[in-house]
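Peer 1: What follows is a structure written as structure tokens; I'll ask about it next.
The values are calculated or read from the model by the stated rules, or taken from the named source; none is laboratory data. Every value quoted in this text rests on a predicted model; they were computed, and no experiment measured them. With ideal geometry, Cβ positions are generated from the backbone for all residues, glycine too; neighbour counts draw on all protein chains shown. Side chains included, ligands, DNA and RNA excluded: accessible areas come from the protein's heavy atoms. Shrake-Rupley method; radii C 1.70, N 1.55, O 1.52, S 1.80 Å.
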Amino acid sequence: MYDLGYFRNNLTQIQERLANRGFVLDVDMFQNLDVRRRQCLTESEQIKADRNQATAEIAKLRKAGQDTTERQQQVRALADRITELDEQASKLDAEFRDFLARVPNLPYDDVPIGRDERSNVEVRRWGTPRTLDFEAKAHWDLGPELGILDLERAAKVTGARFAVYWGAGARLERALINFMLDLHTREHGYREVLPPFLINSASLYGTGQLPKFAEDSFRCEGHDLWLAPTAEVPVTNLFRDETLNSDELPISLCAYTPCFRSEAGSYGRDVRGIIRQHQFQKVELVKFTRPEHSSEEHDKLTHHAETVLERLGLPYRTVVLCTGDLGFSAAKTYDIEVWLPGQNGYKEISSCSNFDAFQARRAQIRTKSGKGKPEFVHTLNGSGLAIGRTWVAIVENYQQADGAVVIPEALRPYVNAERIDKSGQIR
């Protein structure tokens with residue numbers, strides 16, 4: 001969301017920067033709305049001035065004992081026109097808000113320019129992919145063979161792109177949630193929060209999912225409630241319409257939630273296994289910072305997400321997304337991609353984004369220091385991590401020649417075991 005004055009005064013520059021991310025700004029529509037809105041406001045203010053003057057004249061005429069019937073009729077006509085103009089202005093304001101609400105955020109200057117993921121730039125790697133002396137299996141084969149992952153029964157119960165975890169599989173999922181929450185709260189300084197999983201439309205608007213991406217979310221029929229697509233939405237909106245004390249920033253929160261996404265635009269991608277599901281679990285990291293600190297805090301948050309993979313011994317690489325691959329609300333994003341030997345490649349497991357003031361302006365989240373003027377905070381978030389994809393990475397990276405899976409050392413206290421044997425039992 002944008003400040004209207006800034007948008008109007010920097011229209012050409014904004015158009016060029018948005019073009020870098022593949023968005024065509026309808027300048028003619030903006031200018032048409034802007035002109036019509038200002039004409040309504042200008043005419044309304046002029047007529048209000050005329051009405052005030054006429055009212056003062058009527059008072060003088062009455063005092064002088066003169067007939068004011070005609071003048072009163074003129075004032076009533078002016079009042080009717082003011083009402084008509086105010087209604088037009090209100091309607092144009094709503095059209096303006098809807099127009100601006102569908103315009104994505106401006107990418108930062110240091111974001112590489114490109115059309116799609118092929119122009120993303122790798123910034124670092126950690127770990128060396130393990131060399132296997134046997135043919136690696138993908139999780140969609142290994143999980144069912146171990147009896148810990150069941151996609152067929154999930155499809156029977158609900159439909160495609162859902163999963164059932166059995167026994168050791170469910171235990172591994174639960175262990176990952178607790179491990180990540182403990183790491184982020186005990187070592188990285190985040191405060192844990194458990195938000196509602198049902199959210200209203202205002203919350204989705206605040207973080208940028210509405211109005212543009214309604215089809216990607218699940219809505220509860222007959223209610224203004226949606227299933228949370230990510231903890232980013234309820235956690236960011238905890239402070240909607242609030243002014244935060246500058247001395248308390250940055251505020252760092254982490255939350256576990258199930259996430260629900262219809263993935264309307266993703267059919268044909270990652271159709272096998274549990275990489276892209278309609279329901280999945282995630283631990284999310286969310287930060288509220290002063291504008292001058294947001295880049296530093298963005299780097300910290302990304303490192304915190306990377307630390308999860310390092311503790312689990314999972315090789316990864318981090319890339320900065322190009323302009324054409326940025327999410328709608330993001331000004332800059334780092335994607336962390338974990339190595340999956342069963343698929344012989346890296347797969348995204350976390351997106352860590354700096355939204356600048358884009359979300360804060362939509363959600364009206366400000367900060368104030370002393371007697372200074374309130375300003376919008378910067379919001380940041382990232383997966384710390386996606387649980388299902390971490391589950392996949394462990395099963396594929398720690399698989400053994402006999403079909404067993406070794407539990408990473410850092411996770412053993414949470415599972416109370418060292419391996420899942422070839423029969424699917426925890427040992």
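Peer 1: Based solely on C-alpha atoms, express the radius of gyration and the Dmax of segment 228-293 in angstrom.
Peer 2: Reported Rg and Dmax, both Å: 15.7, 48.
Peer 1: According to a simple spin-label model (label point 7 Å from Cα along Cα-to-Cβ), what is the distance in nm between LYS347 and ARG191?
Peer 2: 3.6 nm
Peer 1: Further question on the same structure: Within a Cβ distance under 15 Å of GLY327, other residues only, what is the Lys/Arg minus Asp/Glu net charge?
Peer 2: Overall, the nearby charge balance is -4.
Peer 1: Here's another thing I want to ask about it. If the chain between ARG174 and GLU135 were fully stretched, how many nm would it gain, using 0.36 nm times the residue separation less the Cα-Cα distance?
Peer 2: Additional length available on full extension: 11.2 nm.
Peer 1: What part of the accessible area of the chain, given as a whole %, is carbon or sulfur when the probe is 1.4 angstrom?
Peer 2: Accessible surface attributable to carbon and sulfur in the chain totals 46 percent.
Peer 1: Using +1 on the beta carbon of Lys and Arg, -1 on that of Asp and Glu, and nothing else charged, what's the dipole of segment 158-293 about the Cα centre, debye to 20? Mind showing how you got there, number by number?
Peer 2: Details: 15 positive and 17 negative charges, 117 e Å.
Its charge dipole is roughly 560 debye.
Peer 1: Sticking with this structure for a sec: Hand me the trypsin sites (Lys or Arg not before Pro) from segment 304-379 located in a DSSP loop with no more than 10 other Cβ atoms within 10 Å, in residue order please.
Peer 2: In loop regions of segment 304-379 (DSSP not H, G, I, E or B), the sparsely surrounded trypsin sites (Lys or Arg not before Pro) are LYS371.
Peer 1: Where nothing but the Cβ of Lys and Arg (+1) and of Asp and Glu (-1) is charged, how large is the charge dipole of the chain around its Cα centre, in debye to the nearest 20?
Peer 2: In total the dipole reaches around 580 debye.
Peer 1: Quick one: among CYS220, CYS352, CYS259, which has the greatest mean-square fluctuation in a GNM of the chain with alpha-carbon springs under 10 angstrom?
Peer 2: Largest GNM mean-square fluctuation: CYS220.
Peer 1: Relative to the longest principal axis of the C-alpha atoms of the chain, give the angle of the C-alpha long axis of helix 168-186, reported between 0 and 90° and rounded to the nearest 10°.
Peer 2: 60 degrees
Peer 1: Per residue, what volume in Å³ does the convex hull of the Cα atoms of segment 175-251 enclose?
Peer 2: Convex hull of Cα atoms, per residue: 116 Å³.
Peer 1: Going out from 0 in 20 Å bins, what whole percent of all Cα-Cα distances in the chain drops into each bin?
Peer 2: Values per bin, smallest distances first: 22, 47, 20, 8, 3, 0.
Peer 1: Now for a separate question. First select every other residue whose beta carbon is under 13 angstrom from the beta carbon of PRO374; then total the charges, Lys and Arg +1, Asp and Glu -1.
Peer 2: Taking every other residue near PRO374 into account, the sum is +3.
Peer 1: Would you mind classifying segment 179-323 by shape? Square roots of the alpha carbon gyration tensor eigenvalues, ordered a ≥ b ≥ c; an a/c under 1.5 is rounded, otherwise it is prolate if a/b is larger than b/c and oblate if not.
Peer 2: Taking the square roots of the gyration eigenvalues as a ≥ b ≥ c, segment 179-323 is oblate.
Peer 1: Then there's this: Under the Kirkwood approximation for Rh and a Cα-based Rg, what ratio Rg/Rh is obtained for segment 1-80?
Peer 2: 1.36
Peer 1: Ok, one more. Under a straight-distance cross-link criterion of Cα-Cα below 20 Å, which aspartates and glutamates are reachable from LYS422, leaving out those fewer than 8 residues away in the same chain?
Peer 2: In chain and number order, the partners are ASP133, GLU135, ASP141, GLU145, ASP150, GLU173, GLU396, ASP402, GLU409.
Peer 1: Work out the FRET efficiency for THR243 and CYS220 from their Cβ-Cβ distance, taking R0 = 41 Å, and round it to the nearest 0.05.
Peer 2: Step by step, r from the Cβ atoms, then E = 0.85.
Peer 1: Counting each DSSP H run of 4 or more residues in the chain as -39500 (n - 2.57), what helix-only mean residue ellipticity at 222 nm follows after dividing by all residues, to the nearest 500 deg cm²/dmol?
Peer 2: Value at 222 nm, helices only: -12500 deg cm²/dmol.
Peer 1: Whole-Å semi-axes of segment 325-427's equivalent ellipsoid, largest first, each the root of 5 times a Cα gyration tensor eigenvalue?
Peer 2: Listed largest to smallest, the semi-axes of segment 325-427 are 42, 17, 8 Å.
Peer 1: Looking at the chain, identify the longest residue range that excludes and avoids all GluC sites (Glu not before Pro) in DSSP loops having at most 10 other Cβ atoms within 10 Å.
Peer 2: Formally, the longest exposed-site-free interval is 222-427.
Peer 1: When the Cα centres of segment 390-418 and segment 171-233 are compared, how far apart do they sit, in Å?
Peer 2: What the calculation gives is 27 Å, centre to centre.
Peer 1: Let me ask another. Roughly how big is segment 287-337's charge dipole about its Cα centre, with Cβ charges of +1 (Lys, Arg) and -1 (Asp, Glu), in debye to the nearest 20?
Peer 2: Value, rounded to 20: 100 debye.
Peer 1: Right, something else. How large is log10 of I(q)/I(0) for segment 110-268 at q = 0.17, 0.19 Å⁻¹ when the intensity is taken from the Debye formula with one equal scatterer per alpha-carbon?
Peer 2: Evaluating at q = 0.17, 0.19 Å⁻¹ gives log10 I(q)/I(0) of -1.39, -1.37.
Peer 1: Could you tell me, in Å, what Rg and Dmax come out for the Cα atoms of segment 269-327?
Peer 2: Cα-based Rg and Dmax for segment 269-327 come out at 14.7, 43 Å.
Peer 1: Just reorder ARG21, ARG115, ARG186 by solvent-accessible area, largest first, 1.4 Å probe, all chains present.
Peer 2: ARG115, ARG186, ARG21
Peer 1: Here is a follow-up. Tell me, what is the per residue accessible area of the chain in Å², probe radius 1.4 Å?
Peer 2: Ligands and nucleic acids excluded, the figure is 49 Å² per residue.
Peer 1: Starting from segment 197-274, pick out the trypsin sites (Lys or Arg not before Pro) whose DSSP state is loop and whose Cβ has at most 10 other Cβ atoms within 10 Å.
Peer 2: Answer in residue order: ARG269.
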